[in-house]
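Student: My questions will all concern the structure given below.
The values are calculated or read from the model by the stated rules, or taken from the named source; none is laboratory data. The structure displayed is predicted, hence computed values, not measured ones. No Cβ is skipped: glycine too gets one built from the backbone with ideal geometry, and neighbour counts run over all protein chains shown. For the accessible areas, the whole protein counts, side chains as well, though only heavy atoms, and no ligand, DNA or RNA atoms are used. Shrake-Rupley method; radii C 1.70, N 1.55, O 1.52, S 1.80 Å.
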Amino acid sequence: MVERIGAVSQDEPAAGAAERDERPPFMQRLLDNPFLLLFIGVTVPTVLYLIWGILEIAQIPLSPS
Amino acid sequence: MATIAIPGQIGEAAEERFRTCPDTGLHVHAKAETLIRVNLITAVTFLGIGGLLGLLVALTRWQAVHLLPAEMFYMVLTAHGAAVLLFWIMFFEVALFYFTSAVVLRSRLATPNIAWLAYALMLIGALTATVAVLQGRSSVMFTSYVPLQAEPHFYIGLILFAVGMLITCFIFLGTLVIAKDEGTYEGSVPLATFGGLTGVIIMIFTLASGAIILIPTLLWSVGIIGHIDPLTYKLVWWGMGHSSQQVNVTMHVVVWYTIAALLLGARPLSEKVSRSAFLLYILFLQLASAHHLLVEPGISSTWKIFNTSYAMYLAVLGSMIHGMSVPGAIEAAQRRLGHTKGIFGWLREAPWGNPAFAALMLSLVMFGFLGGISGVILGTEQINILMHNTLYVPGHFHATVVSGTTLAFMGVTYLLIPIFFRRDIVFPKIAQWQPYVFAIGTAGIALFMMGAGTLGVSRRHWDITFTDALITFDYPATAFFMLGLNGLSAIIATVGGAMYVIVVVASIVWGKRRTEEDAKTNPIAPGAAVLAQYGGEDTFKLPGTIVLVSVFFIAFALYYFINWRFLAGIWPMS
C-alpha cells in the first residue's frame, strides 16, 4: 500500500506523527546535504556560464575562406 | 597526546591519535595537524617569493625607475601571478579546508596518506610551473591566453597542481562523511565548516573548468592539437581563473567569522542567514567570470548581462550579507562583553593591538570599499567599457585578493601558529604593526592602479611611454604620477609582507613552546568554544553596524553613479 506523504494512519503512534511533523524545512535539508549542494554548485555555472557561452560561440558564422 | 579507537574499525588502523588543544578546546587529529602545518609553511614560502617578484613588477611600472627590461618584466609578472595568486593562496586554503573540516568537526581526516599524495602533486606541480616560467620561454602571464604558447611543462605543472587540489576537495567531503558517521557533531555543521564546504564546491567547478581548457592546451603545446579557438579558450579559462578568486573570497569570509569567534566568542548574527548567503555564493559567484568577456564580440548581451548584472548581483548580495553579519557579530559580542558605551564604544574598545583582529577589520573594510564596489563596476556591461583591460582590473583584484584575502590569511596565521605549532608569536610589536603596514601598502597599490586604469593605462604594457613604437600615445602626467605612487605603495606593502614572513618563520622556529599553563594565563583564543557550535547571536540591536553599513551603501551608490556620469561624458547623447 502506498501511503501519502504527510498522511497519518489511524493506528500510527502519536509520537511518530509528531516526529514526521517536525521534519526540518526544505532549506535546512538542502543546506545540510553537502552532495546536493555540490551538484547544484557545479551544474548551475556549468549550464549558465560554460554551456550557454560555448553555444553562443558555436553560433558565430565562419568567415568565407 | 591521546589515542582513541575509531568506532566500527578493528586493529591498529582503528587507532588514531588526537590531542585536545588547550587554547581552543578543539579535538585535533594528529595527522591533520601535520598536514596543516606543512601546507601553511609551503604557502608562506610562496608568498615570500611571489611578493618580492611583485615588487619588481611595480618598480618597472614606475616609469622613473623602470627596473626590468621587457622580456624579464613579462617573465617576472608571470611568476608573480602564479606564486601568489595560485600557490600561496591555494596551499593556505588546503590548510583551511583541513582546519574547517577535521579540526572544527573534531573528526579524523579522511585518507591522510592520500592527502600527502595531494600535497606532493601540488608541490611538484607548483615547482614545475615555476621552473618553466623562470626558464624564460613561458612568459604567458597568469591568463596564458592562446595563441601565446608556453612550454609543455608549464601546463603539466598547472595540471598536477590542480589534480592535487581536487584530491584535497574530495578529502574535505570524505571528512564530512566520516564526521557524520562517527557522530562527532549533531545537527547541522558549524558555519566555518559550511563556509569551507562552499569553498570546496566552487573549487571543484574551478578545477573542472581548468581541466577542460588546460588539457587541450597542453596537447596543443606539444603539437597534437593544431588550433585552439581563442574566444572559447578565454571563456573556459575564466571559468577557472575567476572562480578560483571566488574561492578566495569565500575562504576569507570564513576567516573573518573564525577570527571573530576565536577572539571574541562572536557568533554570526543569524546562522541561517549567513548559510543562505553562502548558498548564494554556491549558486551564483562563479558566474562573475563573465565580466572578463564583456567586450568580446560574438557573445550576446543576454549572456553577458544575465551572468553579470543579474546573477552576479545575487552573489554580491551574499557578500553584503556577510559584510553586515561580521561587524554585526563583533558588535553583538563586544556589547555582550560589556563594551556598551555609545554607538561606537564597542569598536573603540575592540582589540586593535591584536594583529589577528586588526587584519580582520582592515581586510573587511578594504575588501568591501575597494574590492567589492570596484567589482560591481567591472561587472556592469555598460560602465565596464570605461576600464576594461586597463590597470583598473589589477587594481580591483589587488583590493580583493591582497587587501582582502591575503590580509585575512595573514591575520588568522597569528592564531594558527599557537594552535597548531604550539608556539608563541615572537616579535609581538612587529606582529602588531604588520597588518597596518601591509594594509596601507596594498590600499595604495589598489587605489593607484585603479586610478591609472581610469586614465586608460593598459593593464599589461611594459612601457607606457611607448618608446620606439610606430604608433605612440601620450598618457596624461597624472597617470605617470599614479604609477610612481603605486611603486611607493608596493615598497610599503613589501615591508609589511616581509614583517609577516619574518614573524611567521621566527615564531615557528624560535617561538616559546606554549604549555597548558600559558593557555590559562595568556589565552590566545578565549572565544573558541563557539567556533565548533551551530547558532547565531539572533539580535539586530546593532546601531554601530547599521551606521557603518549605511556609510558603505552611500559610498557604493555614489561611486556607481559617478561611473555612469563618466560614461555619459564619453558618449554625449544629444
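Student: How do B:383-391, B:72-80 rank on mean C-beta neighbours within 10 Å, highest first?
Tutor: B:72-80, B:383-391
Student: Continuing with this model, one more query. Suppose all protein chains stay in the model; what accessible area per residue would a 1.4 Å probe give for the protein assembly as shown, in Å²?
Tutor: Accessible area per residue, the protein assembly as shown: 41 Å².
Student: Something else: Region B:31-61 to region B:304-371: how many Å between their Cα centroids?
Tutor: 26
Student: Here is a further query. 7 Å from Cα along Cα→Cβ at both B:Trp433 and B:Leu337: what's the point-to-point distance in nm?
Tutor: Computed distance between label sites B:Trp433 and B:Leu337 equals 2.5 nm.
Student: If each DSSP helix of 4+ residues adds -39,500 (n - 2.57) and the sum is divided by the residues in chain B, what number results at 222 nm, nearest 500 deg cm²/dmol?
Tutor: Taken over chain B, the calculation gives -21000 deg cm²/dmol.
Student: Within a 10 angstrom radius of each residue's Cβ in A:29-40, how many Cβ atoms of other chains show up on average? Whole number is fine.
Tutor: 5
Student: Take peptide A:50-61, look around each residue's Cβ out to 10 angstrom, count Cβ atoms belonging to other protein chains, and average those counts.
Tutor: Counting Cβ atoms of other protein chains within 10 Å of each residue's Cβ and averaging gives 6.
Student: For the pairing of chain B with chain A, what total accessible surface becomes buried, with a 1.4 angstrom probe, in square angstrom to the nearest 100?
Tutor: Accessible area lost upon association: around 2600 Å².
Student: Nothing charged except the Cβ atoms of Lys and Arg (+1) and of Asp and Glu (-1): what's the magnitude of the dipole of region B:24-568 about its Cα centre? Round to the nearest 20 debye.
Tutor: On the way: 27 positive and 22 negative charges, 186 e Å.
The dipole of region B:24-568 has a size of about 900 debye.
Student: Using a 10 Å cut-off on Cβ to Cβ distances, tally the other chain neighbours for every residue of B:472-483 and report the average as a whole number.
Tutor: Mean inter-chain Cβ contacts per residue within 10 Å come to 0.
Student: May I ask you to order B:457-463, B:467-473, B:166-172 by the average number of other C-beta atoms within 10 Å around their residues, highest value first? Before the final figure, lay out each step's value.
Tutor: Values: B:457-463: 16.1, B:467-473: 7.9, B:166-172: 22.4.
Highest to lowest by the protection proxy: B:166-172, B:457-463, B:467-473.
Student: In whole percent, how big is the carbon plus sulfur part of the accessible area of the protein assembly as shown, probe 1.4 Å, protein atoms only?
Tutor: Accessible surface attributable to carbon and sulfur in the protein assembly as shown totals 69 percent.
Student: Once R0 is set to 41 Å, what does the formula 1/(1 + (r/R0)^6) return for the Cβ-Cβ distance between B:Trp564 and B:Leu488, expressed as a FRET efficiency to the nearest 0.05?
Tutor: 0.80
Student: Still on this model: Would you mind checking the pairs B:Lys272/B:Lys304; B:Lys429/B:Lys512; B:Lys31/B:Lys180; B:Lys341/B:Lys541; B:Lys31/B:Lys520 and listing those with alpha carbons more than 22 angstrom apart?
Tutor: B:Lys272/B:Lys304; B:Lys31/B:Lys520
Student: Let me ask another. DSSP H helices in chain B with Cα extent of 30 Å or more along the helix axis and mean Kyte-Doolittle hydropathy at least 0.5? Can you show the working numbers first?
Tutor: Values: long enough: B:30-61 (46 Å, 1.32); B:112-134 (33 Å, 1.74); B:152-181 (44 Å, 1.77); B:191-221 (43 Å, 1.88); B:230-264 (50 Å, 0.68); B:311-336 (37 Å, 0.57); B:428-454 (40 Å, 0.76); B:477-510 (49 Å, 1.90); B:543-570 (41 Å, 1.64).
Both cut-offs are met by B:30-61, B:112-134, B:152-181, B:191-221, B:230-264, B:311-336, B:428-454, B:477-510, B:543-570.
Student: Please list B:Thr302, B:Thr130, B:Thr515 in order of solvent-accessible area, largest first, computed with a 1.4 Å probe with all protein chains present.
Tutor: Sorted descending by solvent-accessible area, the residues read B:Thr302, B:Thr515, B:Thr130.
Student: Calculate the FRET efficiency for B:Val495 and B:Asp474 from the Cβ-Cβ distance with a Förster distance of 30 Å, rounded to the nearest 0.05.
Tutor: Numbers: r = 34 Å, r/R0 = 1.12.
Efficiency, from the Cβ-Cβ distance: 0.35.
Student: Between region B:480-497 and region B:436-451, how far is it from one alpha carbon centroid to the other, in angstrom?
Tutor: With region B:480-497 and region B:436-451 each reduced to a Cα centre, they are spaced 7 Å.
Student: Ranked by accessible surface with a 1.4 Å probe, highest first, in what order do B:Val38, B:Val103 come?
Tutor: Most to least solvent-accessible, the answer reads B:Val38, B:Val103.
Student: When only C-alpha pairs under 8 Å and at least 6 residues apart count, what is the relative contact order of chain B, in percent?
Tutor: Once normalised by length, the contact order is 17 percent.
Student: A drop of at least 30 square angstrom in accessible area, chain alone versus all protein chains together, probe 1.4 Å. Which residues of region B:279-325 meet that?
Tutor: For region B:279-325, once contacts with the other chains are taken into account, B:Leu279, B:Ile282, B:Leu283, B:Leu287, B:Gly298, B:Trp303, B:Phe306 lose 30 Å² or more.
Student: How would the protein assembly as shown be classified by its alpha-carbon gyration tensor: rounded, prolate or oblate, with rounded meaning a/c under 1.5 and the a/b versus b/c comparison settling the rest?
Tutor: rounded
Student: Protein chains only, probe 1.4 Å: how do A:Asp32, B:Asp474, B:Asp538 rank by accessible area, largest first?
Tutor: B:Asp474, B:Asp538, A:Asp32
Student: To continue, here is another question. Given labels modelled 7 Å from the Cα in the Cβ direction, how far is it in nm from B:Ile440 to B:Ser550?
Tutor: About 3.2 nm, to one decimal.
Student: Ratio to report: Rg/Rh of chain B, with Cα atoms as the point set and Rh obtained by the Kirkwood method; give two decimals.
Tutor: Radius of gyration over Kirkwood radius for chain B works out to 0.96.
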